[in-house]
Amino acid sequence: MPEAVDTNDLCEHLVLSPLHENSRRTIETTICRKNQPMSNNIDGKVVVITGASSGLGEATARLLSAEGASVALGARRIDRLQSLVDELTGRGGKALAVETDVTDYDQVKRLVDAAVQTYGRIDVLINNAGIMPRAPLEHLKIDEWNQTIDVNIKGVLYGIAAALPYMKEQKSGHIINVSSVAGHKVGPENAVYAASKHAVRVISEGLRQEVKPYNMRTTVISPGAVATELPNAISDPDIAEGIHKFYEEIAIPADSFARAVAYAMSQPEDVDVNEILFRPTRQVV
Ligand SMILES: NC(=O)c1ccc[n+]([C@@H]2O[C@H](COP(=O)([O-])OP(=O)(O)OC[C@H]3O[C@@H](n4cnc5c(N)ncnc54)[C@H](OP(=O)(O)O)[C@@H]3O)[C@@H](O)[C@H]2O)c1
């Protein structure tokens, strides 16, 4: 039960001066704000997060759960997800884990369906799972190209496919896709990852325009260097060393991303924050 609020505290008695010099009439009025506590617009929402077993997804699950959201967490490392669920539920939160490989549509659908079956609806989907293998194109890392496209692009599309029918039916929902500074700029050794993150931005903008009839919001978030396990997937040792050094020098904590998610979610429902780009203050490109 919300605490009773003394409405008198919320009312102001105003005496307004005459509008025209030759008018003697003053206007007296009382303006009261609505007797309702401020809402964070996160409390009570059902949020599905892919790639929640580490890094940005894990930090976001913690923050949103602390703000009162029920979270459904997907990733391949189910042991990591389960211990996060234990932590969140141990603090009184609502959380569930579903082993999910986002390259398989059926598994992504199973995650979203589990959220709806357990909590009755899906308010927010965060398409966060991603990988960042880096190498020059001439190294012909074709398996890595395929995996990057499968996880970073198809995984996002599969998330949309799984959540959109529910959100259309509900006539509400919020899809948050994770791009990158690399979704705005390409550099050497980064063509395939940057292409995948450009695709995420394009898909998000197309989605934004299409879902207007369903009262839905869409946000694409593009972080710079954030300290996570992301650089661990780089197979070329020299490139990996350079990226690890870069991250050690400038990367910011993962809760920077979680706060960006919370900001987008917490706006009133008629405000649609479409794009957020942020970097460490020290990051140049
Ligand atoms: N950290 C940064 O500097 C940065 C900057 C810009 C954008 N991003 C983006 O942020 C997102 C999250 O990355 P992160 O930085 O948090 O890195 P991370 O710590 O490596 O987390 C990546 C997450 O994606 C999951 N994942 C990878 N492949 C998957 C698959 N096939 N199916 C399901 N889940 C999969 C991983 O879980 P499992 O391995 O357990 O499946 C993990 O939970 C990515 O999209 C990344 O591109 C990160």
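Rule-based calculations on the coordinates, nothing more; no lab input. All of these numbers come straight from a predicted model, not from anything done at the bench. Counting neighbours? That spans all protein chains shown, and the Cβs are built from the backbone with ideal geometry, glycine included.
Of note:
- Under the convention that each Lys and Arg Cβ holds +1 and each Asp and Glu Cβ holds -1, the size of the dipole of the stretch 46-278 around its Cα centre is about 640 debye.
- Linear extension gain, Asp43 paired with Gln267, 0.36 nm per residue minus alpha-carbon span: 79.4 nm
- Estimated FRET transfer efficiency (Arg77, Phe246; beta-carbon r; R0 30 Å; 0.05): 0.75
- 0 to 90° range, to nearest 10: angle between helix 55-66 axis and the chain longest Cα axis: 30
- Dividing the summed helix terms, -39500 (n - 2.57) for each DSSP H run of n ≥ 4, by the number of residues in the chain produces a 222 nm estimate of -12500 deg cm²/dmol to the nearest 500.
- Simple Cβ-charge dipole of the stretch 78-208, Lys/Arg +1 and Asp/Glu -1, about Cα centre, in debye nearest 20: 580
- Max-minus-min Cα coordinates of the stretch 46-278 on each principal axis give 48, 40, 31 Å, with the largest extent listed first.
- Extension gain for Thr281 to Glu169 (0.36 nm times residue separation, less C-alpha to C-alpha distance): 36.2 nm.
- Set Lys141/Lys212; Lys168/Lys197; Lys94/Lys245; Lys94/Lys168; Lys197/Lys245 screened for pairs whose C-alpha atoms are more than 29 Å apart: Lys141/Lys212; Lys94/Lys245
- Selection from Ser204, Val102, Ala114, by position along the positive dipole direction of the chain (Cβ): Ser204
- Label positions at Ala191 and Asp113, each projected 7 Å from the Cα along the C-beta direction, are separated by 4.0 nm.
- Dipole-positive endmost among Ser70, Ser83, Ile234 within the stretch 46-278 (Cβ charges, Cα centre): Ser70
- Rounded tilt (10° steps) of 105-119 against the dominant C-alpha axis of the chain: 30
- Against the chain, whose longest principal axis is taken from its Cα atoms, helix 191-210 shows a tilt of about 30°.
- Take every pair of alpha-carbon atoms less than 8 Å apart whose residues are at least six positions apart; their mean separation over the length of the chain yields a relative contact order of 17 percent.
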